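Let me begin by presenting the structure, written as structure tokens, before commenting on it.
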Amino acid sequence: MHGLLRDVSYALRQLRKNLGFTSVALITLALCLGANLTIFAVVDSILLRPLPFAQPDRLVVLYNSYPNAGKSRDLASITSYLERRGNIAAFEQIAALNTATSIIGETGSTERTDVERVTSEFFSLLGVQLAKGRAFTESEMTYQTDNEAILTDWYWREHFNGDPNVLGQSIRSDGIARKIVGVLPPGYRFLSSRAGVYLPLSSEDAEHNLKARHSNTVTEIARLKPGVTLAEAQAQVDSHNAAHSAEFPWAKEVAVTGFHTVVAPLHADHVASIRPTLLLLQAGALFLLLIGGANLVNLLLIRASDRAKELAVRQSLGAGRWHVIRQGVTETVLLTFVGGLCGLLVGAGGIRLLATLGADQLPSGATIAFDGRLAMVALLGAMLMGMVVALPITWFNLNKHLASALQSESRSGTATRSAQRLRHIFIVAQVTLAFVLLSGAGLLGLSLKHVMAISPGFRTDHVLTGQFNLPWKGYHDGASFYRFFDPLIEAGSHQPGVLAFGGINGVPLTGEHGNNVLTVLGYNPAPGESLVTHQTYAVFGDYFSAIGIPLREGRYLNSSDAKIKTPVCVVDEDFVRRYWPHGDAIGQRLYLGSQGKVDEDEIFTVVGVVGAVKHVDLTESNSTGVAYFPYNRRFNRSFFLVARTSLPPDSLAVALRKIVRNTDPEIPLNDIRSMETRVDESLIARRSPALLTAIFAAVALALAAVGIYGVLSYAVSQRYREIGVRMALGALPKQVLAQFLSLGMKLLLLGTVLGLLGSWAAGRAMHTVLYGVGAIQFGVLAATFLATLFVVLLACVLPARRASKVDPMVALRYE
């Protein structure tokens, strides 16, 4: 211990003695370790940490899939939940939930709040013990008895001031008074849910309603019994589905869709969409760390060369090999440990930066935080990096010939070929890794450019949107809908500054969209052709003009269409291409569902064709088509107002809120954002990785430049006398300049060749997160090479010019 403390003290003195070297090394470590800490915080929170529930590895999710119908993933139904409960031996418990919103509060002060409607087993399945009160009971799962509510801890503290006597009090939800029966523990959150209130998931005779078996509106989760594998559970669910399909009226039609139920781990399924992007970012950060490590090794090798004589003297005086190893490792680990402390600051700032980039919108992204666990991982990683970096330095120190080191008068002697080769290897590694990072950033940037160039099918400028809910109480038939929408449309259309006013129950790119099977009269499907689901929406007012969807044929829907006797609808171009490729869509008829016979008042006549819109994602392709219906067909009770304005959109926010409140004081309007903002937010998962990778690439290039400059500068100082002798014998300054530039170019070309191979491999690995971009893009590679060439030339020119200006007489007297 005494020897270790002495080595630490000596290392500190050496680091203080050479502040230039220490500063560059610490900045390098802080940037590289901080970047890795930032990305690892996201990876750790989202991918690595288990769900905060009891035995989370036994939690699974069940979802329906209809691949032949264009719906590879869908929710489950209340009917299937009731049929499977207690009848799947692999499951210890099964529960269902529905994520929704509700109008909470008293008249005039209501707000739209995220809620979760859950079945009675939900909390016990997760292993969550309520902090106060109780969970829901089975008797509270019907429409007649579902008047209870459970609050999350944050909602209880924020809206009830943490009242300890909150149990038994009432909370109004959608105009209905509900008794508060429980409060959840602090920190509880189900996946990415932002719910403040939990309500019973009620149903009515669903177990006998065969038509509802594929009316998928709920998320179904289960807990596996101890020792049961995922494959066993999947087999039992498949067997259960097969046994119950025979009694379903349209079993054959559903079978053609490729229907099956998938049983997947709850955590892995929840983060599956973001996993490739996060792993890509972590790989980029690790590349940056490798570049920083190579840079640090080169700096330490140069420093070790300068101290070669000192080490030789100490060894000649009796210092053993273990002493040399211990001292070198101690100094390197101390340096990386201090760099790790600096990296903690950079990492904490990086995590705050990620918050501004929208990281909280990622699955479970709200749990990202800087804590002691992350700090410990970062510091241990820094110390491990120090041990790894110490290996080549130790090899160099132990293989230095004592005699030649002692005979050297100064540092101006020529370095050994092995030392030069080792430094050059690390420079090539830096160039290679920087090239790969830069080309990867270029591919992501080009992919983002392609996505941003996609037309969404509507005009995003000067459009303001806001969301509201219609509660069941007071709005359960057509007449009540007319009483709300007629004055709303009238007031909105005459609001100063509004050019067009309307709405829809799912604004594009918000994740609010529904799918339904539609039957087109007169269309004869080919033998074995599957039923196809289509996106269906309910619209009101002058929605199409407000959002700027072009009319291709016929007319738009208008407010009077909700009241006429003959139902009408509008379809988009994709729908027409599928069913009426010759363009004779106007006057055609269709109905919702797949029944063989329906009433005449349930058949819709097509009165217009509009342009295709990117509803789900800008990159969506192979759309099966969209159908728009009058608002009284209400596919759900959540609607968006859409207003096109001649004024700045945000200036209308107060007016729109007032219009809705004047129509019904209990209904609030919130989530008010311009359409341009919504489009920008839909690109977060693409824009943020491109930006972060570009930052990594820029830092990597800077580190490569520092590494090349350091190595060449040291080479010039080592060969100072040699250069002087050559110039005294007639060598021209341009020849000396060319020699050192040639060395830099050789390192660049070798690094580029390896970088090209690495870029191809990286492009292949990134294919899942790229759009319209292949693994090899010659424009990106050319730009990457030019950027790398510029940086390397910049790093080479200064040392080379200094070598070409050596005065022979001064160099020969230098010793």
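For the reader, a short list of remarks on this structure follows.
- Filtering the stretch 468-484 to residues that are hydrophobic (A, V, I, L, M, F, W, C) and at pLDDT 85 or above leaves F468, L470, F481, F484.
- Breaking point among (1) touching an Asp or Glu at 6+ places or on another chain (Cβ under 8 Å); (2) not in a helix (DSSP H, G or I), for F370: (1)
- Conditions (1) among the charged types (D, E, K, R); (2) touching a residue at least 12 places away in the same chain (Cβ under 8 Å); (3) over 17 Å from E490 (Cα atoms); number of the one not met by D664: (3)
- Among (1) crowded, with 21+ Cβ neighbours inside 10 Å; (2) not in a loop (DSSP other than H, G, I, E, B), the one test that H615 misses: (2)
- One residue alone among T107, T142, T152 is out of contact with any strand residue (DSSP E or B) (no Cβ under 8 Å at 6 or more places or on another chain) and either of a type in the set (V, I, T) or crowded, with 18+ Cβ neighbours inside 10 Å (or both), and that residue is T107.
- Members of the stretch 352-374 found to be open to solvent by 20 Å² or more (accessible area, probe 1.4 Å) and either of a type in the set (A, V, I, L, M) or in contact with a Pro (Cβ under 9 Å, 6 or more places away or on another chain) (or both), listed by number: L353, A355, L357, L362, A366, T367, I368, A369
- Residues of the stretch 627-636 classified as outside any strand (DSSP E or B) and either open to solvent by less than 40 Å² (accessible area, probe 1.4 Å) or free of Cβ contacts under 8 Å to residues at least 40 places away in the same chain (or both), total: 2
- The condition of being modelled with pLDDT under 70 and either surrounded by fewer than 24 Cβ atoms within 10 Å (Cβ to Cβ) or more than 20 Å from L296 (Cβ to Cβ) (or both) holds for Q407.
- Qualifying strands (runs of 3 or more DSSP E) (wholly inside the stretch 125-239; at least 1 residues being modelled with pLDDT of 90 or more, over 26 Å from V262 (Cα atoms) and of a type in the set (D, E)): 148-151
- Among the residues making up the stretch 82-105, those that are in contact (Cβ under 8 Å) with a residue 40 or more places away in the chain and assigned to a loop (DSSP other than H, G, I, E, B) are N87, I88, A89, A90, G105.
- For the stretch 495-584, the strands (runs of 3 or more DSSP E) that sit wholly inside it and include 2 or more residues that are more than 17 Å from V607 (Cβ to Cβ) and open to solvent by less than 10 Å² (accessible area, probe 1.4 Å) are 498-504.
- Failed criterion for T624 (all others in (1) open to solvent by 40 Å² or more (accessible area, probe 1.4 Å); (2) hydroxyl-bearing (S, T, Y); (3) not in a helix (DSSP H, G or I) hold): (1)
- Counting only residues that are part of a strand (DSSP E or B) and under 28 Å from the mean Cα position of the chain (by Cα), the stretch 459-487 holds 6 of them.
- V642 open to solvent by less than 10 Å² (accessible area, probe 1.4 Å) and in contact (Cβ under 8 Å) with a residue 12 or more places away in the chain: yes
- Within the stretch 275-302, if we keep just the residues that are open to solvent by less than 10 Å² (accessible area, probe 1.4 Å) and among the β-branched types (V, I, T), the residue that is farthest from K71 (Cα to Cα) turns out to be V297.
- For the stretch 51-66, the count of residues that are over 22 Å from the mean Cα position of the chain (by Cα), at pLDDT below 90 and open to solvent by 10 Å² or more (accessible area, probe 1.4 Å) is nonzero.
- When residues in the stretch 108-150 are screened for being farther than 19 Å from L470 by Cα and either β-branched (V, I, T) or under 29 Å from the mean Cα position of the chain (by Cα) (or both), 12 of them pass.
- Residue match in the stretch 585-607 (condition: closer than 27 Å to S455 by Cβ, in a loop (DSSP other than H, G, I, E, B) and of a type outside the set (S, T, N, Q)): yes
- The numbered conditions (1) assigned to a strand (DSSP E or B); (2) over 26 Å from the mean Cα position of the chain (by Cα) are all true for T79 except (1).
For every residue, the table says whether it meets (1) of a type in the set (D, E, K, R); (2) at pLDDT 90 or above.
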site: D599; (1), (2): yes, no
site: F604; (1), (2): no, yes
site: S621; (1), (2): no, no
site: Y628; (1), (2): no, yes
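- Scanning the stretch 746-758 turns up no residue that is open to solvent by 30 Å² or more (accessible area, probe 1.4 Å), assigned to a helix (DSSP H, G or I) and closer than 28 Å to L618 by Cα.
For (1) closer than 13 Å to Y198 by Cβ; (2) of a type in the set (A, V, I, L, M), each residue gets a yes or a no:
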residue: D74; (1), (2): no, no
residue: L82; (1), (2): no, yes
residue: S102; (1), (2): yes, no
residue: F123; (1), (2): yes, no
residue: T142; (1), (2): no, no
residue: I150; (1), (2): yes, yes
residue: E158; (1), (2): no, no
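The values are calculated or read from the model by the stated rules, or taken from the named source; none is laboratory data. This one's a predicted model, so the numbers in the text were calculated from it and none came from an experiment. For neighbour counting, all protein chains shown are included, and Cβ atoms are generated from backbone atoms with ideal geometry for every residue, glycine included. Please note that ligands, DNA and RNA were not included when accessible areas were found on the heavy atoms of the full protein model with its side chains. Shrake-Rupley method; radii C 1.70, N 1.55, O 1.52, S 1.80 Å.
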